[in-house]
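Asker: What follows is a single structure, and I will ask about it in a moment.
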Ligand code: FES
């Protein structure tokens, strides 16, 4: 099949994946990374090339039990490989989407997906620290693979923390990369080593002392950090204590804890107006005040709305507004044509009237 790529004038031609309109991926490979992590590789069914930045993700929408459930998964492959993308997914106990992917997704199956999305971009620099906790390794793995493919001189310290040695995603891939990339120093840090007593290195939690020993010049480096919320909190504190300027510290997480911890108003001096919000498919309604997001109130009332970033970035919570109006402050998670078609993002929308939502 003929593929038109970017021509010399940088005009986009039909052989490139269009984030605005393309929404289907074909699975071509499933690979076991660890006992509870698999990588899934996809191509466009009509062989379009997918242009993305390391650090970006796709939002996958699966129809499970008559409901559409969406989850965001970071791309773990190199952006230099454009004919296919790979995502790496940890099986989360009780997680509907991750368990479905692990148990059911096979090569030659089609899935609905939109992207690439996200702004966890690596600024251009000579010296980096990549810090990852658990499955937070995926976007930084894409970055290190990109640097390896570019074959440019670069100085990277990669600290990858995991629960035990057997939980390290990409353990052998990272060892191979560290073997051939002269500027890559790798430190795998298991929290405990009971399942591999011959572990030759340090173990324990990330600490200021360890980071200072491993990266004495950390204050001169760009930090790219991804992992669960407690890991990122610790990493950010340590980076600050070791003199990393805030603008040099970049992080990303889809940890559900981030959603739970979204700060609410500290004090209320004015009684906000209350609106009635109905969820037509679940036959539920909730009271939402004008200064709260629709999603936060829906969750408290037990209404099921899939969500991920809780800040208008990923598009996971996209829902159809049947009637009423909202004040939506999104961050790229919805397209204008979707808004025109009556959709909105409950996670970043406050009601301006009573609402009926198709959920
Ligand atoms: S949860 Fe990500 S846009 Fe709403």
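The values are calculated or read from the model by the stated rules, or taken from the named source; none is laboratory data. These figures come from a predicted structure and were not determined experimentally. FYI the Cβ positions are ideal-geometry reconstructions off the backbone, even for glycines, and counts take in every protein chain you see.
Asker: Listed residues 320, 337; which is within 16 Å of the ligand (Cβ to nearest atom) and either surrounded by fewer than 19 Cβ atoms within 10 Å (Cβ to Cβ) or part of a loop (DSSP other than H, G, I, E, B) (or both)?
Answerer: 320
Asker: In addition: Where residues in the range 293-317 are part of a loop (DSSP other than H, G, I, E, B) and more than 7 Å from the ligand (Cβ to nearest atom), which of them is modelled with the highest pLDDT?
Answerer: 293
Asker: While we're on this one: Inside the range 103-142, can you point out the residues that are closer than 18 Å to residue 81 by Cα and either touching a strand residue (DSSP E or B) at 6+ places or on another chain (Cβ under 7 Å) or modelled with pLDDT of 95 or more (or both)?
Answerer: The answer is 115, 116, 117, 122, 138, 139, 140, 141, 142.
Asker: Additional query: With respect to residue 131, is the statement that it is surrounded by fewer than 20 Cβ atoms within 10 Å (Cβ to Cβ) and in contact with a helix residue (DSSP H, G or I) (Cβ under 7 Å, 6 or more places away or on another chain) true?
Answerer: In short, no.
Asker: Related question: Evaluate the following for residue 342: is it more than 9 Å from the ligand (Cβ to nearest atom) and on the phi > 0 side of the Ramachandran plot?
Answerer: yes
Asker: With the checklist (1) within 9 Å of the ligand (Cβ to nearest atom); (2) more than 24 Å from residue 64 (Cβ to Cβ); (3) in contact with a strand residue (DSSP E or B) (Cβ under 7 Å, 6 or more places away or on another chain) in hand, flag the one item residue 328 doesn't pass.
Answerer: With (1) within 9 Å of the ligand (Cβ to nearest atom); (2) more than 24 Å from residue 64 (Cβ to Cβ); (3) in contact with a strand residue (DSSP E or B) (Cβ under 7 Å, 6 or more places away or on another chain) applied to residue 328, the lone miss is (1).
Asker: Could you list, in sequence order, all residues of the range 340-350 that are more than 20 Å from residue 288 (Cβ to Cβ) and either assigned to a loop (DSSP other than H, G, I, E, B) or not assigned by TED's automatic domain parsing to the domain that holds residue 303 (or both)?
Answerer: The answer is 341, and nothing else.
Asker: In this structure, is residue 30 at pLDDT 95 or above and part of a loop (DSSP other than H, G, I, E, B)?
Answerer: no
Asker: Next question. Would you check if residue 348 is near the ligand (Cβ under 7 Å from one of its atoms), farther than 17 Å from residue 114 by Cα, surrounded by 14 or more Cβ atoms within 10 Å (Cβ to Cβ) and within 26 Å of the chain's Cα centre (by Cα)?
Answerer: yes
Asker: Kindly indicate which of 81, 122 is more than 19 Å from residue 28 (Cβ to Cβ) and not in a helix (DSSP H, G or I).
Answerer: 122
Asker: What are the residues in the range 193-209 that are over 25 Å from the mean Cα position of the chain (by Cα) and modelled with pLDDT of 95 or more, if any?
Answerer: 208, 209
Asker: Of everything in the range 45-70, what is modelled with pLDDT under 85 and either in contact with a helix residue (DSSP H, G or I) (Cβ under 7 Å, 6 or more places away or on another chain) or part of a strand (DSSP E or B) (or both)? Give them in sequence order.
Answerer: Correct list: 59, 61, 62, 63, 64, 67, 68, 69, 70.
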